[in-house]
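Q: Can you keep this structure in mind? I'll have questions shortly.
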């Protein structure tokens, strides 16, 4: 397995430090979005959507702005991940049924759920301009950050 671009350990440590300083939920989410985006390619856009009833609401992002600030559960890749209660790694968004495009440049997408046991709190949605942008190692690195975030929210 190749080394991931994203190094989760420094992000997890920064989250824990911010939490100990009583950082707000918004600050924790922004910290994740910024740190992941700063990892560089394949992290073109990082969007943190949180579950509010049957809607996903964009609460923090870094990268290209998106018009998709609210997404119904079950709609698009983000909504499908929540409805199916599983992470989704889409190597080619042009082949994904019901894909909601944030940008015409996006080629692949990774959605990793933020979950506390069986409860889905939200998700980290990452767009990439690179086809097949997210290896298994990359997905695992994002999962580490999502798991740490779930404990702190």
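The values are calculated or read from the model by the stated rules, or taken from the named source; none is laboratory data. Predicted model, so just to flag it, every value in this text is computed and none were measured. Glycine gets a Cβ as well: all are built from the backbone with ideal geometry, and neighbour counts include every protein chain shown.
Q: Quick one: count up the residues across the stretch 76-90 that are surrounded by 17 or more Cβ atoms within 10 Å (Cβ to Cβ) and part of a loop (DSSP other than H, G, I, E, B).
A: Total satisfying the criteria: 1.
Q: For residues that are part of a loop (DSSP other than H, G, I, E, B) and either surrounded by 19 or more Cβ atoms within 10 Å (Cβ to Cβ) or touching a residue at least 60 places away in the same chain (Cβ under 8 Å) (or both), tally how many sit in the stretch 91-110.
A: Narrowing the stretch 91-110 to residues part of a loop (DSSP other than H, G, I, E, B): 91-92, 96-107.
In the following step, the residues that additionally are either surrounded by 19 or more Cβ atoms within 10 Å (Cβ to Cβ) or touching a residue at least 60 places away in the same chain (Cβ under 8 Å) (or both) were identified as 102, 105-107.
Result for the stretch 91-110: 4.
Q: Given the criterion under 16 Å from the mean Cα position of the chain (by Cα) and more than 14 Å from residue 124 (Cα to Cα), identify the matching residue among 58, 15.
A: Matching residue, one of 58, 15: 15.
Q: Please state which one of 65, 72 is farther than 17 Å from residue 115 by Cβ, loosely packed, with under 15 Cβ neighbours inside 10 Å and without any contact (Cβ under 8 Å) to a residue 12 or more places away in the chain. Spell out the reasoning first.
A: Working: 72 fails: without any contact (Cβ under 8 Å) to a residue 12 or more places away in the chain.
Being farther than 17 Å from residue 115 by Cβ, loosely packed, with under 15 Cβ neighbours inside 10 Å and without any contact (Cβ under 8 Å) to a residue 12 or more places away in the chain holds for just one of 65, 72, which is 65.
Q: Shifting gears a bit: Find the residue count for the stretch 73-90, including only residues that are in contact with a strand residue (DSSP E or B) (Cβ under 6 Å, 6 or more places away or on another chain) and over 19 Å from residue 36 (Cβ atoms).
A: Within the stretch 73-90, residues that are in contact with a strand residue (DSSP E or B) (Cβ under 6 Å, 6 or more places away or on another chain) and over 19 Å from residue 36 (Cβ atoms) number 2.
Q: Let me ask something else about it. Every residue in the stretch 61-74 that is assigned to a strand (DSSP E or B) and either under 13 Å from the mean Cα position of the chain (by Cα) or at pLDDT below 95 (or both), please.
A: Step one: of the stretch 61-74, the residues assigned to a strand (DSSP E or B) are 61-62, 70-72.
If the condition is that a residue be assigned to a strand (DSSP E or B) and either under 13 Å from the mean Cα position of the chain (by Cα) or at pLDDT below 95 (or both), then 61, 62 are the ones that fit.
Q: State all residues of the stretch 17-36 that are in contact with a helix residue (DSSP H, G or I) (Cβ under 7 Å, 6 or more places away or on another chain) and more than 15 Å from residue 142 (Cβ to Cβ); if no residue qualifies, say none.
A: Those that are in contact with a helix residue (DSSP H, G or I) (Cβ under 7 Å, 6 or more places away or on another chain) and more than 15 Å from residue 142 (Cβ to Cβ): 18, 19, 27, 28.
Q: Residue 39 fails exactly one of the following numbered conditions: (1) out of contact with any helix residue (DSSP H, G or I) (no Cβ under 8 Å at 6 or more places or on another chain); (2) surrounded by fewer than 20 Cβ atoms within 10 Å (Cβ to Cβ); (3) over 14 Å from residue 142 (Cβ atoms). What is the number of that condition?
A: Tallying (1) out of contact with any helix residue (DSSP H, G or I) (no Cβ under 8 Å at 6 or more places or on another chain); (2) surrounded by fewer than 20 Cβ atoms within 10 Å (Cβ to Cβ); (3) over 14 Å from residue 142 (Cβ atoms), residue 39 fails exactly one: (3).
Q: Since residue 27 meets every condition but one in (1) more than 18 Å from residue 149 (Cα to Cα); (2) over 13 Å from the mean Cα position of the chain (by Cα); (3) free of Cβ contacts under 8 Å to residues at least 60 places away in the same chain, which condition does it not meet?
A: (1)
Q: Out of 126, 114, 120, which single residue is surrounded by 14 or more Cβ atoms within 10 Å (Cβ to Cβ), modelled with pLDDT of 95 or more and under 19 Å from residue 67 (Cα atoms)? Even if it seems obvious, please write down each step before you answer.
A: Working: 114 fails: under 19 Å from residue 67 (Cα atoms); 120 fails: under 19 Å from residue 67 (Cα atoms).
Within the list 126, 114, 120, the selection yields 126.
Q: Restricting the search to the stretch 1-27, which residues are assigned to a loop (DSSP other than H, G, I, E, B) and either surrounded by 17 or more Cβ atoms within 10 Å (Cβ to Cβ) or modelled with pLDDT of 95 or more (or both)? I'd like the intermediate steps shown before the answer.
A: Looking only at the stretch 1-27, we keep the residues that are assigned to a loop (DSSP other than H, G, I, E, B), and these are 1-7, 21-24.
Listed by number, the residues that qualify are 4, 5, 6, 7, 21, 22, 23, 24.
Q: Return the residue satisfying two criteria in turn: it lies in the stretch 36-47 and is without any contact (Cβ under 8 Å) to a residue 40 or more places away in the chain and assigned to a helix (DSSP H, G or I), and of such residues it is farthest from the chain's Cα centre (by Cα).
A: If we take residues in the stretch 36-47 being without any contact (Cβ under 8 Å) to a residue 40 or more places away in the chain and assigned to a helix (DSSP H, G or I), then 38 is farthest from the chain's Cα centre (by Cα).
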